[in-house]
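To start, the structure under review is shown below, and the notes come after it.
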Amino acid sequence: MDFGISTFVTDEGIRPGVLGPALEERGFDSLFLAEHSHIPASRESPYPGGGDLPRIYYRTLDPFVTLAAIAATTSNLLLGTGVALLIQRDLFHTAKEVASLDLISGGRVLFGVGAGWNREEMRNHGTDPRTRGALLDEQLQALKLLWTEDEAEFHGKHVDFDPVFSWPKPVQRPHPPIYIGGESERALERLAKYGDAWLPRPGTSPAEIRRVKSWLAEQGRPDVPATIFGAPARPDDVAALAEAGVDRLSLLLPTLPESETLRKLDEFAAFAGGFR
């Protein structure tokens, strides 16, 4: 099992140019960054974690700008989004941002996407929460065309455009792997149809991992890798998840100042080293 890090990079924590090399030096293979464009001041959508929305959600940096900065100070670290809120993004700008990051990093992007939970945030972008899943499905199909075809066009219910040119193309072929976040029936259908890897949240049991892996095999997708996103460092979980078919554990790094972050990374590196 590989070990990565997932976190919120904010204006109050460690800077990207320091974080990236610190992860590589300690043997972590990947970094997954969260995304929120903003947080509406009036919000009825409940925070999935329960209780008040943590401060980091209000202050997170743009993931692609942050990952580009990290790409410049690292050589091998995989650069992931966990998750990009594609339904709130312009399709063409996103295609260019992901492809540009893949180009400047030498092919290190892991593109994690999810349907999101903050309905007020979605509405501010003009996205109807009721149709966000169908929109995301079409966006993923259209992105693949923009990344792989010289003249791409797509005609769907939610995404529609005549032939266009879009460069650069990603370094990875046919495109950066698309990690589908979520464990719902709808998310798993999306994974089977459009995803290259699965990004379930912590709390997903080994039994559920095995069930989904078996179901994917029945859908003709027997080799879909799985990364647990935002996991706590609990020794009892690691062996069971690895046996169930999890390929990577992405440990949840608290958002802290530089010195405290480096100490926490040392703890995580020692934890991961016990299973290598």
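Would you tally the residues in the range 150-162 being out of contact with any strand residue (DSSP E or B) (no Cβ under 9 Å at 6 or more places or on another chain) and either surrounded by 16 or more Cβ atoms within 10 Å (Cβ to Cβ) or basic (Lys, Arg) (or both)?
To start, the set of residues in the range 150-162 that are out of contact with any strand residue (DSSP E or B) (no Cβ under 9 Å at 6 or more places or on another chain) comprises 150, 156-159.
Those left that are additionally either surrounded by 16 or more Cβ atoms within 10 Å (Cβ to Cβ) or basic (Lys, Arg) (or both): 157-159.
Residues in the range 150-162 being out of contact with any strand residue (DSSP E or B) (no Cβ under 9 Å at 6 or more places or on another chain) and either surrounded by 16 or more Cβ atoms within 10 Å (Cβ to Cβ) or basic (Lys, Arg) (or both): 3 in total.
List every residue pair whose Cβ atoms lie under 9 Å apart, where the two residues are 6 or more positions apart in sequence or sit on different chains, the first residue falls within the range 172-192 and is over 22 Å from Arg211 (Cα atoms) and without any contact (Cβ under 8 Å) to a residue 24 or more places away in the chain, and the second residue, located anywhere, is outside any loop (DSSP other than H, G, I, E, B) and open to solvent by 40 Å² or more (accessible area, probe 1.4 Å).
Arg173/Thr148
Name the one entry in Ala192, Ala187 that is within 18 Å of Gly116 (Cα to Cα) and at pLDDT 95 or above. Can you show your working first?
On the way: Ala192 fails: within 18 Å of Gly116 (Cα to Cα).
On inspection, the qualifying residue turns out to be Ala187.
Give Ser205, Ser259, Ser250 a once-over and let me know the one that is at pLDDT 95 or above, crowded, with 20+ Cβ neighbours inside 10 Å and polar (S, T, N, Q). Reasoning before the result, please.
Values: Ser205 fails: crowded, with 20+ Cβ neighbours inside 10 Å; Ser259 fails: crowded, with 20+ Cβ neighbours inside 10 Å.
Just one listed residue meets the conditions, Ser250.
Which of the following residues is closer than 23 Å to Arg263 by Cα and among the aromatic types (Phe, Trp, Tyr): Phe64, Phe8, Phe92?
Result: Phe8 is the single residue among Phe64, Phe8, Phe92 that is closer than 23 Å to Arg263 by Cα and among the aromatic types (Phe, Trp, Tyr).
Considering only the range 133-149, how many residues are of a type in the set (Lys, Arg) and open to solvent by less than 40 Å² (accessible area, probe 1.4 Å)? Before you say what the answer is, go through the steps one by one.
Of all residues in the range 133-149, those of a type in the set (Lys, Arg) come to 144.
From the residues that got through so far, the ones that are open to solvent by less than 40 Å² (accessible area, probe 1.4 Å) too are none.
Number satisfying all stated conditions: 0.
Suppose we keep only residues that are open to solvent by less than 40 Å² (accessible area, probe 1.4 Å) and more than 13 Å from Asn76 (Cα to Cα) within the range 101-113. Which one would you say is farthest from the chain's Cα centre (by Cα)?
The extreme case among them is Leu101.
Condition first: small (Gly, Ala, Ser) and under 20 Å from Trp147 (Cβ atoms). Now tell me which residues in the range 60-81 satisfy that.
Ala68, Ala71, Gly80
Looking at this structure, is Phe154 without any contact (Cβ under 8 Å) to a residue 24 or more places away in the chain, out of contact with any helix residue (DSSP H, G or I) (no Cβ under 7 Å at 6 or more places or on another chain) and among the hydrophobic types (A, V, I, L, M, F, W, C)? If you could, list the steps in order and put the result at the bottom.
Details: without any contact (Cβ under 8 Å) to a residue 24 or more places away in the chain: yes; out of contact with any helix residue (DSSP H, G or I) (no Cβ under 7 Å at 6 or more places or on another chain): no; among the hydrophobic types (A, V, I, L, M, F, W, C): yes.
So Phe154 does not fit the description; no.
The values are calculated or read from the model by the stated rules, or taken from the named source; none is laboratory data. Every value quoted in this text rests on a predicted model; they were computed, and no experiment measured them. Glycine also receives a Cβ, built like all others from the backbone with ideal geometry; neighbour counts cover every protein chain displayed. Ligands, DNA and RNA are excluded from the accessible area calculation, which covers all protein heavy atoms including side chains. Shrake-Rupley method; radii C 1.70, N 1.55, O 1.52, S 1.80 Å.
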